[in-house]
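A short write-up of the structure that comes next.
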Amino acid sequence: MKYLLVHVAAVLIAAATACADSVVINVGSHNLLANTANQTVQIFVTGGAQVPGTDLFAQIGSGMVSPSAIPGLPQITSVDLISGTIFAPNNSGMFVPNLSPPPADNSYTAGGPVPPSEAPQFWQVFLNTSSGTVAANGLYVTLTIDTTGINSGAFALNLGNIQTPIGTISTDFSTGPAPSITNGSITIGPLTNVLPLPSAAAGGLLLLACFALSRLARRRVTAEVTLRCGCFAHARPAANTRSL
C-alpha cells in the first residue's frame, strides 16, 4: 500500500511538471464587423513554461508574402507582442524581418505595435527578452485587423502549420518547448447584437401605453389622497365645539 501511494505521488508530480513545461496556443474563433478597420483580436498562451522569446508567424487565409494585399481577404495591419502581454515587463523590442524597407541597422523596433508589414495577410515578428525568461501564461499577442471592403465570410487564422513555398512553418518560442497550436478562424458579418430601432407604428403604441399607465397612476394617487383626507375629516372634532 505504501509503495502504491509513493508511485501515485510520483506520477502526479511528473504530470504537474510536464504541464508546467508546456506551451499551448488556442487561436480561437473571432467575430469581426464587416467593412471596418482597426479591429483587435487577442490570442492567449497557457502552460507556464519558461520561454526566452518568440518567433511569431500569423496568417489569414492562404496569404503569404506578397507586395500587395490579396483581394477578398482581411488584412493584418499591426502586431503587438508587448502591450499587456507576457513579454511586457521583459523584452528588447520587436523585429519585423519583412519590413519594406527593413530598418537600416536591422535592429529591433522600440515598443509596439510594429509598423505595417509588406505582406498584409502574413506577418512574421520576432522578439527576445531583455534577460532570462518569462512564463508562457497569459496574453500572447494582439492582432489589429482591417475588414474594409469585405461584407461577410469565414477565414482561417493560423499561427501554426503554415504552408509556404519553402516548407511548413509554425510559431515557436525560441529555445523554449515547442508549442501545441490549435489554429482558429475569423468570421465577418454585420453587427447583430444591437436591438433594431422601433418602427413608427411600434413607437406610437409604446407612447400610447406610457400615456395610459401615467393616467392610471395619477388616478390611483388621487383616490388615495381623497380617501386619506376623508378619514382625517371624520376623525377631527368639529371646530369651536365646547362641552356643556
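Observations on the structure shown:
- Residues of the stretch 119-131 that turn out to be more than 20 Å from the chain's Cα centre (by Cα) and in a loop (DSSP other than H, G, I, E, B), as a count: 5
- Looking across the stretch 78-96 at every residue that is buried (at least 19 other Cβ atoms within 10 Å of the Cβ) and of a type in the set (S, T, N, Q), the one that is modelled with the lowest pLDDT is identified as S78.
- The set of residues from the stretch 151-172 being surrounded by 12 or more Cβ atoms within 10 Å (Cβ to Cβ) and in contact with a Gly (Cβ under 7 Å, 6 or more places away or on another chain) comprises F155, A156, L157, S170, T171.
- The criterion of at least 1 residues that are assigned by TED's automatic domain parsing to the domain that holds S29, at pLDDT 95 or above and not β-branched (V, I, T) is met, among strands (runs of 3 or more DSSP E) falling completely within the stretch 132-244, by 138-146, 153-158, 180-182, 184-189.
- Yes/no for Q59 being under 25 Å from the mean Cα position of the chain (by Cα) and at pLDDT below 95: yes
- Residue satisfying condition, being surrounded by fewer than 16 Cβ atoms within 10 Å (Cβ to Cβ), modelled with pLDDT of 95 or more and among the β-branched types (V, I, T), within set T17, T36: T36
The values are calculated or read from the model by the stated rules, or taken from the named source; none is laboratory data. These figures come from a predicted structure and were not determined experimentally. Note that we place each Cβ from the backbone using ideal geometry, even for glycine, and neighbour counts take in every protein chain shown.
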